[in-house]
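Participant: This is the structure, below, for whatever I ask next.
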Amino acid sequence: MFADFLKRLTQPEPAPLDDGDARLALTALLVRVARSDGDYADREISRIDRIAAARYGLSPFEATALRRDAETLESEAPDTVRFTRAIKDAVPYDHRIGVIEALWQVVLADGERDEAEDALLRLVSNLLGVSDVDSALARQRMEKG
């Protein structure tokens, strides 16, 4: 199931993702950031579930199922650079800003900003075509809320 999805996503000129595929890809990116410090904590998992439920109007059960699929996709996805660039090509800019906000929520979920997570967020923001200023503003919004 995921091999075909990844093949479509990483083609030189990918077609825009439908809503379901975009949800899966973006949630997989949340999982990748949460796993980046080597500690995929329960707080981060819960935060991903809450983000998915709120962002996509899912029940807790549906959000958990999406996250589990995203965990599988993330483990099979290519390197972060190719995976994130593929998302950039397939997802509109305003949705990518929302993704950066969600990524900051995950990074901040455990109350610590790890250097590996910060570095990955800078890379992902850049690869998604989101400016440093927009990423910093997204982080500030998430720190306040």
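Participant: Within segment 64-89, can you find the residues that are closer than 25 Å to Ser135 by Cα and in contact with an Asp or Glu (Cβ under 8 Å, 6 or more places away or on another chain)?
Facilitator: Arg67, Asp89
Participant: While we're looking at this one, here's another question. Tell me, which residue of segment 1-39 that is part of a loop (DSSP other than H, G, I, E, B) and at pLDDT 85 or above is surrounded by the fewest Cβ atoms within 10 Å (Cβ to Cβ)?
Facilitator: Applying the filter and picking the extreme gives Gly38.
Participant: Restricting attention to segment 114-126, report how many residues are buried (at least 18 other Cβ atoms within 10 Å of the Cβ) and free of Cβ contacts under 8 Å to residues at least 60 places away in the same chain.
Facilitator: Residues meeting the conditions: 1.
Participant: Among the candidates Ala90, Ala52, single out the residue that is open to solvent by less than 20 Å² (accessible area, probe 1.4 Å) and touching a Pro at 6+ places or on another chain (Cβ under 8 Å).
Facilitator: Ala90
Participant: Here is a check on your reading of the model: is Val124 under 26 Å from Ala15 (Cα atoms) and assigned to a loop (DSSP other than H, G, I, E, B)?
Facilitator: So Val124 fails the test.
Participant: Out of everything in segment 72-82 that is modelled with pLDDT under 80 and charged (D, E, K, R), what residue ends up being surrounded by the most Cβ atoms within 10 Å (Cβ to Cβ)?
Facilitator: Of everything passing the filter in segment 72-82, Arg82 is surrounded by the most Cβ atoms within 10 Å (Cβ to Cβ).
Participant: Identify the residue in segment 55-68 that is of a type outside the set (A, V, I, L, M), assigned to a helix (DSSP H, G or I) and modelled with pLDDT of 95 or more and, among all such residues, is most open to solvent (accessible area, probe 1.4 Å).
Facilitator: My answer is Phe61.
Participant: If you take the residues of segment 127-145 that are outside any loop (DSSP other than H, G, I, E, B) and without any contact (Cβ under 8 Å) to a residue 12 or more places away in the chain, which of them is farthest from Ala90 (Cα to Cα)?
Facilitator: Filtering first and then ranking leaves Lys144.
Residue by residue, here is whether (1) closer than 18 Å to Leu127 by Cβ; (2) of a type outside the set (Ser, Thr, Tyr); (3) in contact (Cβ under 8 Å) with a residue 40 or more places away in the chain holds:
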{"position": "Asp49", "(1), (2), (3)": "no, yes, no"}
{"position": "Glu71", "(1), (2), (3)": "no, yes, yes"}
{"position": "Glu76", "(1), (2), (3)": "no, yes, yes"}
{"position": "Thr84", "(1), (2), (3)": "yes, no, yes"}
{"position": "Asp89", "(1), (2), (3)": "yes, yes, yes"}
{"position": "Asp94", "(1), (2), (3)": "yes, yes, no"}
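Participant: Continuing with the same structure: Pick out the one residue from Arg141, Arg85 that is touching a helix residue (DSSP H, G or I) at 6+ places or on another chain (Cβ under 9 Å), at pLDDT 90 or above and open to solvent by 20 Å² or more (accessible area, probe 1.4 Å).
Facilitator: When all the criteria are applied, what remains is Arg141.
Participant: What about Ile51, is it more than 23 Å from Ala3 (Cβ to Cβ), assigned to a helix (DSSP H, G or I) and aliphatic (A, V, I, L, M)?
Facilitator: Spelling it out, Ile51 is indeed more than 23 Å from Ala3 (Cβ to Cβ), assigned to a helix (DSSP H, G or I) and aliphatic (A, V, I, L, M).
The values are calculated or read from the model by the stated rules, or taken from the named source; none is laboratory data. The structure presented is a predicted model; accordingly, all values stated were derived computationally and were not measured. So basically every Cβ, Gly included, is an ideal-geometry build from the backbone, and we count neighbours across all protein chains shown. Only protein heavy atoms, including side chains, enter the accessible area calculation; ligands, DNA and RNA are left aside. Shrake-Rupley method; radii C 1.70, N 1.55, O 1.52, S 1.80 Å.
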